[in-house]
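Asks: The structure's right below; bear with me while I get my questions together.
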Amino acid sequence: MSDISKKWYVVRAAGGKEKKAKEYIENEIKRLNLEEYVSQVLIPTEKIYQVKNGKKVSMERIFYPGYILIEAALTGEIQHLIRNLPHISGFLTESSGKDKEPVPLRQSEVNRILGRVDELAVKEEENITPFIVGEPVKVIDGPFNGFDGIVDEIMEDRKKLKVMVKIFGRKTHLELNFVQVIKE
């Protein structure tokens, strides 16, 4: 049965439990020998860099927290099986209608998401978290560790930000490296 038509669907998972939910799906598919119906389970992530203990550390950040992408043919009991696994609350569906059938992603959406993942895997070092003026950030390294602020200016060429922080009730500008702050 290699002529089974598969489409990409979005599965809602408990926040912070995406990897565990993915593991449950993969284990259940393998256990019931349903690999021909479910070919891929994917959590789109990107690599970001942060400073911890004075060292630059790479971390993975999930693009769409609470969601997993799955390429499957939802025939028979497959949909019911996936929906009833731990840490999964169901498929993304149309908001109208009683039946609440899962809606497959359009191919253009799939290409954009998968292309974005591939592009980020190639970039590696170039993808140090981009910021936007006016965006709230938290300082995670240096003498002002733990302070919250607002991005006031971005110096892309130097990979630095000017962040407005309140220190002792007064607004103060700090010049920080991209890796010294995270988005809030």
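Asks: Output the 0 to 90 degree angle, nearest 10, between the alpha-carbon long axis of helix 18-31 and the longest principal axis computed from the alpha carbons of the chain.
Replies: 20
Asks: Taking the Cα centre of the stretch 12-80 as the origin, how large is its charge dipole in debye, to the nearest 20, when only Lys and Arg (+1) and Asp and Glu (-1) carry charge on their Cβ atoms?
Replies: Once rounded to the nearest 20, the dipole reads 680 debye.
Asks: Could you please report the charge total around MET155, scoring K, R as +1 and D, E as -1 over all other residues with beta-carbon less than 14 angstrom from its beta-carbon?
Replies: Details: positive: ARG158, LYS159, LYS160, LYS162; negative: ASP152, GLU153, GLU156, ASP157, GLU175.
Net of charged neighbours comes to -1.
Asks: Give the whole-number value, in cubic angstrom per residue, of the convex hull volume spanned by the C-alpha atoms of the stretch 7-126. Show your work: numbers first, answer last.
Replies: Values: hull volume 15.5 nm³, N = 120.
With only Cα atoms used, the stretch 7-126 gives 129 Å³ per residue.
Asks: What is the extension gain from LYS47 to SER108, computed as 0.36 nm multiplied by their sequence separation minus the C-alpha to C-alpha distance, in nm to one decimal? Intermediate values should be presented prior to the final figure.
Replies: Values: separation 61, 0.36 × 61 = 21.96 nm, distance 2.33 nm.
Value of the extension gain: 19.6 nm.
Asks: Over the stretch 28-72, what per residue volume does the convex hull of the Cα atoms give, in whole Å³?
Replies: Residue-normalised Cα hull volume stands at 103 Å³.
Asks: Moving to a separate point now. For the chain, what is the calculated [θ] at 222 nm in deg cm²/dmol (nearest 500), taking -39500 (n - 2.57) for each run of four or more DSSP H residues and dividing by its residue count?
Replies: -6500 deg cm²/dmol
Asks: Related question: Working out 0.36 nm times the residue gap between LYS56 and GLU23, then minus their Cα-Cα distance, what length gain in nm do you get to one decimal?
Replies: Numbers: separation 33, 0.36 × 33 = 11.88 nm, distance 2.92 nm.
That pair, LYS56 and GLU23, stretches by 9.0 nm at full extension.
Asks: Here's a follow-up. Viscosity 1.567 mPa s, temperature 4 °C: what is the translational diffusion coefficient of the stretch 136-183 from Stokes-Einstein with a Kirkwood Rh over Cα pairs, rounded to a whole number of µm²/s?
Replies: Estimated via Stokes-Einstein, D reaches 124 µm²/s.
No value in this document is a laboratory result; all are computed from the given coordinates. Only a predicted model underlies this, so the values are computations on that prediction, with no experimental measurement involved. Note: ideal-geometry Cβ built from the backbone for every residue, glycine included; neighbour counts use all protein chains shown.
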